[in-house]
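Before any comments, here is the structure.
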Amino acid sequence: MTPIPSLSEPARIVIITAAAVIVLAGMKAAAPILGPLVFSVFLAVIFGMLLHWFERKGLSPTGALILTLALFLAIIAVFVVVIAGSFFQLLAEVPKYQDELEGSLELAGPLLLMVGIDPASLSLSDLAGSLAANAGGLLSSLWDLVTAILLVILTTVFLLFEARGFSAKIRIVLEERRPDDLPRFTTLAQKNVDYIIIRTQVNLVVGIGTTIILALIGVEYAIFWGFLAFLLGFVPYIGFWLAVIPPVLLAWFGLGPVPALLVLAGVSVLNLLAEYVLFPHIAGRGLDLSPAVVFISLIFWGWILGGVGVLLAVPLTLAVQMACEMFDETRWIGVLLGPSPDGKSVRDTE
């Protein structure tokens, strides 16, 4: 039997590139299903670490699993109640803000006209009419959102059931197929997990701090805006502004310009302390990607997976870096995605 000739280096690169393009095209086509599944894996990693922590504290595997599932479902229930309750209360109080909004639009009318925006099109009555005209589409989108949330919850629960066994399976496969790469895989996987956990901790501080600041100033629905700040903290650079603009506007309409400026200043200082003091202190070195890679990853994963891709752009890029560094043909990609060769992150050099 004639042996199959080995492929040259350029041929292997072409094949790997073509395979990557095909995989990415399939991911984009399957984004409505793949997005919730990826987010489920993200949640399973976080709560899987909590499961292992309970086991290290002496709980039995069954007891640790039950407690972890109970906490997961309780947190989901609290978030749903807070978000739904705040949303419906906000809708009920829309008429109260109508006068403030119309007065602000009158003052800003010339400026809006200069940029090509008709102030009359921004009135609450017109917006309400537009929403009513598109009620069918809104209900369909709401149903899709509810379906995606249920898919995330169920998939996360099943992944938590398999958390212990799946880790053992990965170790067995690597020991059989690529034993030399097992230490590297373990190190890189721990790096990804560390990033997710540290990012979650920092975002939790930002979310709680945002809630306290808004509550002290008197902005309504402070808990809701704090949760939004926690969630959007996973989106580098633009997540902060997406989270802070709504409460600033709400403070402006309900309390006046001075409280709105206090909200912007307080939340901005909190975000700067969290990003440039707390995060580097907890993370140390080696967990950062370059700002260019992070920004490009937002665009890339957002195009592939939509909102979930933007939310999880950094963890997904770290996972790609981990996979690339396991193979000689793609290790250069992992080096390009990784931190600076001197081991210093961008924050360390500032």
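The values are calculated or read from the model by the stated rules, or taken from the named source; none is laboratory data. Note that this is a predicted model, so its numbers are computed, not measured. Virtual Cβ from ideal backbone geometry, glycine too; neighbours counted across all protein chains shown.
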So which residues in the range 34-74 are assigned to a helix (DSSP H, G or I) and surrounded by fewer than 11 Cβ atoms within 10 Å (Cβ to Cβ)? ARG56, THR62, ALA70, ALA74
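Table: residues versus (1) within 24 Å of PHE42 (Cβ to Cβ); (2) charged (D, E, K, R); (3) out of contact with any Phe, Trp or Tyr (no Cβ under 9 Å at 6 or more places or on another chain); (4) surrounded by 15 or more Cβ atoms within 10 Å (Cβ to Cβ).
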{"residue": "GLY239", "(1), (2), (3), (4)": "yes, no, yes, yes"}
{"residue": "LEU262", "(1), (2), (3), (4)": "no, no, yes, yes"}
{"residue": "LEU278", "(1), (2), (3), (4)": "yes, no, yes, yes"}
{"residue": "GLY307", "(1), (2), (3), (4)": "yes, no, yes, no"}
Quick one: what pairs do we get from the range 56-77, first residue farther than 21 Å from LEU150 by Cβ, second assigned to a helix (DSSP H, G or I) and of a type in the set (D, E, K, R), C-beta under 6 Å, 6+ apart or different chains? ALA64/GLU55
State whether the residues of the range 228-240 include one that is over 13 Å from the mean Cα position of the chain (by Cα) and of a type outside the set (Ser, Thr, Tyr). no
Given the structure, is LEU255 of a type in the set (A, V, I, L, M) and at pLDDT below 85? yes
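Here's the yes/no breakdown for (1) modelled with pLDDT of 85 or more; (2) surrounded by fewer than 21 Cβ atoms within 10 Å (Cβ to Cβ):
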residue: VAL193; (1), (2): no, yes
residue: ILE198; (1), (2): no, yes
residue: LEU204; (1), (2): yes, yes
residue: ALA229; (1), (2): yes, no
Tell me the helices (runs of 4 or more DSSP H) entirely within the range 158-265 that contain at least 2 residues that are among the acidic types (Asp, Glu) and without any contact (Cβ under 8 Å) to a residue 60 or more places away in the chain. 163-177
Answer yes or no: is there a residue in the range 22-32 that is over 19 Å from the mean Cα position of the chain (by Cα), among the β-branched types (Val, Ile, Thr) and at negative phi. yes
